[in-house]
Amino acid sequence: MSLSLEPAAERAPKVVRHSDGAMRKFLNVNRASIGTLAVFVVMIAIFAAANPTVFLHWPIYSSVLVTLPVALCLVVPLVFIVTVGEIDLSFPATMGFSAWIFALVVQAGYSPFLGIAGAVVTGMALGYAVGALVVLAGLSSLIATLGMNYMLRGLILIVTQGKSIALLQLQDTTAATLLSTDLFGVPVQVFWALAFVVFAGVLFNHHRFGARVKAAGDNPDSASQMGINVNNVRIATYVFMGVGAALAGVLSTMVNFTWWPTTGDGYLLPAIASVFVGGTPTWGGVGTVAGGAIGALIVSFIQSGIVAAGLSGFYVQFFNGLIIILSLIGHRWNQRRFR
Amino acid sequence: MPERLIELKNIAKSYGRVFAVGGVNFHVDRGEVVGLIGDNGAGKSTLIKMLAGAIAPTSGEIIVRGQAVTGWNAARSRDAGIETVFQDRALAVQQTIVRNIFMGRELTGWFGLLDQRKERSEAERLMREIGFTSKVFSPDSIVGQLSGGERQGVALARAIYNKADLIVMDEPTTALSLTETEKVFRFVRAVRASGRSVLFIGHNIHHVFDIAERFVVMDRGTVALQAVKEQIGTAERLISYMEKLAHPQGTASYDSDQSISGSRA
């Protein structure tokens, strides 16, 4: 069958709108994450100029790498949620809740690996509950997930009466070796977090799920006309967020072998900021996992960087905000929104 | 007698007490081009959205190749060989041409991983068939960068990819230039020549009359007329029939003898 609709004369190219250069294509596809990387490099260069002795030596980087894995596990699934056109503010409580299950399983004398499985299942269940509430009840994700965050955190505090759980029995176990030691001077958690980032990147860019997340976030009506169950896709992003929150909770508990009732609380705004600093726009349909990961690196670095650069702690919030705003302006200029 | 591809029996859709479509019998056979016409609000769009599975009928039966179906939805409709080119083209404009062509029908390998090489080569083949030049666009071009006619091309490419038996086109020529309209007509003829069916919805009666061989006229949620081209004769007679539907008292000076010997459903 031939469906040639144009006479030969019309087939001549009118305007050349793209180049076949592989390098140029790579830059174009990854412009958001490359821009974010540039912000990171510039930031480190400024810090290094301000205080070369600190920034040309390893310990400052090593200290940032302790909190970075937790941030990565939160930021990367959050990119999926923002891309599908929603937001989640409940992940800190999900993180605390899943880590609590992990701590309880370990405290009861079971294997820490069973505890990790329990935490992940808990995270998925809570993610499903939050997602179903937002999607099926048709609530605003901004407000509904804020409510869920308060409720889940409140539940933890009511039941534990605000008491932490020390898990000193974890020391010298296989789990501690795998999750709480250094490898080549780098906290081993970094490698696990990077593996999670790579997994999420493949899911986002090379898997049917990522394609449907982008389609549903771009034009939900079209996606559903093409047979995609948009509600299921949206809920699935929340379930994935639950997995990330559970992993983050386990990793943060493994750092000091202690679970706190406030576990996860401090990550809400830095994780959200990282997504947007990373170059994922607010309107859905497009996003970048690699950019989000670099965004997490930037946000994690600001605090240590500013103090190490010789400024007092009072400057931290100001520069935090400044870098977020400058990144957004940079991305605004770098992204084009199609309608 | 040609195979009956799809049949809607006594199909109705109501929103509360308002009937958008009230008890319509409608069918499409293999290898025919059916023109669906009617005024705004006649229920054309509701009818084709039910065909596409985008909305569920309130009552009635959907029969695909002689089999009554249950749980009809968008995915089922596409599986049954019905592809719809929606009026708004149903494109995700921030995504590439490839992603739009395979939206909801991704080609995957292991564990649901996308077979991006195959998707790309298939997209290139489809774009050539539709008449895109690969020098101007690549399958990786973002749909938002394309013009209206080019976007229509992406929607058409998506519709023919799965060798659908029935391609439903909702006002495909609206807002298109003369040459772009001609392209759409050539597309319809090519689909027809390959033994498949087209349901063509349009406001321009001349367009619909040229391209279709059987006509279904809807009026206020019901089918007012079903007739083949020979029964109607000329586009002018169809237009005057439409005018009389809209103004039954007939202030306009149309020949009252111009009755069309179609069947009322």
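Test residue A:309 against the criterion of being surrounded by 21 or more Cβ atoms within 10 Å (Cβ to Cβ) and not basic (Lys, Arg), and give yes or no. Answer is no for this residue. Restricting attention to the range A:202-234, which residues are within 17 Å of the chain's Cα centre (by Cα) and either closer than 22 Å to residue A:89 by Cα or assigned to a loop (DSSP other than H, G, I, E, B) (or both)? Residues satisfying the conditions are A:204, A:210, A:213, A:214, A:234.
Every residue, every condition in (1) more than 14 Å from chain B (Cβ to nearest Cβ); (2) of a type in the set (Gly, Ala, Ser); (3) out of contact with any helix residue (DSSP H, G or I) (no Cβ under 8 Å at 6 or more places or on another chain), yes or no:
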residue: A:151; (1), (2), (3): yes, no, no
residue: A:158; (1), (2), (3): yes, no, yes
residue: A:183; (1), (2), (3): yes, no, no
residue: A:191; (1), (2), (3): yes, no, yes
residue: A:198; (1), (2), (3): no, no, yes
residue: A:211; (1), (2), (3): no, yes, no
residue: A:223; (1), (2), (3): no, yes, no
residue: A:230; (1), (2), (3): no, no, no
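Within the group A:217, A:278, A:201, which residue is more than 25 Å from residue A:125 (Cβ to Cβ) and either modelled with pLDDT of 95 or more or among the basic types (Lys, Arg) (or both)? If you could, list the steps in order and put the result at the bottom.
Numbers: A:217 fails: more than 25 Å from residue A:125 (Cβ to Cβ); A:278 fails: either modelled with pLDDT of 95 or more or among the basic types (Lys, Arg) (or both).
It is A:201.
Applying the criterion of at least 1 residues that are among the acidic types (Asp, Glu) to the strands (runs of 3 or more DSSP E) found wholly in the range B:147-249 leaves B:166-170, B:214-219.
The residue of the range B:62-73 that is farthest from the other protein chains (Cβ to nearest Cβ), among those that are surrounded by 14 or more Cβ atoms within 10 Å (Cβ to Cβ) and more than 17 Å from residue B:199 (Cα to Cα), is B:69. Of the residues that make up the range A:13-21, is at least one more than 30 Å from the chain's Cα centre (by Cα) and modelled with pLDDT of 50 or more? The answer is yes, given that some residue of the range A:13-21 is more than 30 Å from the chain's Cα centre (by Cα) and modelled with pLDDT of 50 or more. Might you let me know whether the range B:155-163 holds any residue that is farther than 21 Å from residue B:52 by Cβ, buried (at least 16 other Cβ atoms within 10 Å of the Cβ) and either hydrophobic (A, V, I, L, M, F, W, C) or without any contact (Cβ under 8 Å) to a residue 60 or more places away in the chain (or both)? No - not one qualifying residue is present in the range B:155-163. Give me a count of the residues in the range B:182-204 that are of a type outside the set (Asp, Glu) and surrounded by fewer than 18 Cβ atoms within 10 Å (Cβ to Cβ). Count: 8. The set of residues in the range B:74-100 that are within 10 Å of another protein chain (Cβ to nearest Cβ), outside any loop (DSSP other than H, G, I, E, B) and among the aliphatic types (A, V, I, L, M) comprises B:74, B:75, B:98.
Rundown of residues vs (1) touching a residue at least 40 places away in the same chain (Cβ under 8 Å); (2) assigned to a strand (DSSP E or B); (3) not hydrophobic (A, V, I, L, M, F, W, C), yes/no style:
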residue	(1), (2), (3)
A:143	no, no, no
A:150	yes, no, yes
A:159	no, no, no
A:175	yes, no, no
A:194	yes, no, no
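For the range A:237-254, the criterion of being touching a Cys at 6+ places or on another chain (Cβ under 8 Å) and farther than 20 Å from residue A:130 by Cβ is met by at least one residue.
Exactly one residue out of B:96, B:84, B:108, B:58 is free of Cβ contacts under 8 Å to residues at least 12 places away in the same chain and of a type outside the set (Lys, Arg), and it is B:108. When A:118, A:185 are checked against the criterion of being exposed (fewer than 14 other Cβ atoms within 10 Å of the Cβ) and either among the small types (Gly, Ala, Ser) or in contact (Cβ under 8 Å) with a residue 24 or more places away in the chain (or both), a single residue qualifies: A:185. Please tell me if residue A:36 is among the hydroxyl-bearing types (Ser, Thr, Tyr), modelled with pLDDT of 80 or more, crowded, with 16+ Cβ neighbours inside 10 Å and out of contact with any Asp or Glu (no Cβ under 9 Å at 6 or more places or on another chain). Yes: the conditions hold for residue A:36. Looking at A:98, A:62, A:33, just one residue is out of contact with any Lys or Arg (no Cβ under 7 Å at 6 or more places or on another chain), hydroxyl-bearing (Ser, Thr, Tyr) and under 20 Å from residue A:305 (Cα atoms), and that residue is A:62.
Yes/no per residue for (1) farther than 16 Å from residue B:202 by Cβ; (2) among the basic types (Lys, Arg):
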position	(1), (2)
B:150	yes, no
B:158	yes, yes
B:166	yes, no
B:171	no, no
B:175	no, no
B:178	no, no
B:181	no, no
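Identification of helices (runs of 4 or more DSSP H) wholly contained in the range A:242-339 with 3 or more residues that are more than 14 Å from every other protein chain (Cβ to nearest Cβ) and farther than 30 Å from residue A:155 by Cβ yields A:289-308, A:316-334.
Taking into account only those residues within the range A:150-161 that are of a type outside the set (D, E, K, R) and more than 19 Å from residue A:108 (Cα to Cα), which is surrounded by the most Cβ atoms within 10 Å (Cβ to Cβ)? Spell out the reasoning first.
Our first condition is that a residue be of a type outside the set (D, E, K, R); within the range A:150-161, this holds for A:150-152, A:154-161.
From what's left, more than 19 Å from residue A:108 (Cα to Cα): A:150-152, A:154-155, A:157-158.
Numbers: A:150: 12, A:151: 12, A:152: 23, A:154: 11, A:155: 14, A:157: 14, A:158: 9.
The qualifying residue surrounded by the most Cβ atoms within 10 Å (Cβ to Cβ) is A:152.
Looking only at the range A:202-230, residues that are surrounded by 19 or more Cβ atoms within 10 Å (Cβ to Cβ), out of contact with any Leu (no Cβ under 8 Å at 6 or more places or on another chain) and not basic (Lys, Arg) come to 15 in all. Taking the range B:103-121 as the range and being part of a loop (DSSP other than H, G, I, E, B) and more than 8 Å from chain A (Cβ to nearest Cβ) as the test, the residues that pass are B:107, B:109, B:115. Selection within the range B:54-86: residues that are touching a helix residue (DSSP H, G or I) at 6+ places or on another chain (Cβ under 7 Å) and not aliphatic (A, V, I, L, M). The member of this set that is farthest from residue B:172 (Cα to Cα) is B:57.
Look at residue B:81 and say whether it is of a type outside the set (S, T, N, Q), under 20 Å from the mean Cα position of the chain (by Cα) and surrounded by fewer than 22 Cβ atoms within 10 Å (Cβ to Cβ). Please lay out each step first, then the result.
On the way: of a type outside the set (S, T, N, Q): yes; under 20 Å from the mean Cα position of the chain (by Cα): yes; surrounded by fewer than 22 Cβ atoms within 10 Å (Cβ to Cβ): yes.
Yes: the conditions hold for residue B:81.
Residue A:266 meets the conditions (1) at pLDDT 95 or above; (2) within 19 Å of residue A:91 (Cα to Cα); (3) surrounded by fewer than 24 Cβ atoms within 10 Å (Cβ to Cβ) in every case but one. The failed one is (1).
The values are calculated or read from the model by the stated rules, or taken from the named source; none is laboratory data. This structure is a prediction, so every number in the text was calculated from the model and none was measured. Note: ideal-geometry Cβ built from the backbone for every residue, glycine included; neighbour counts use all protein chains shown.
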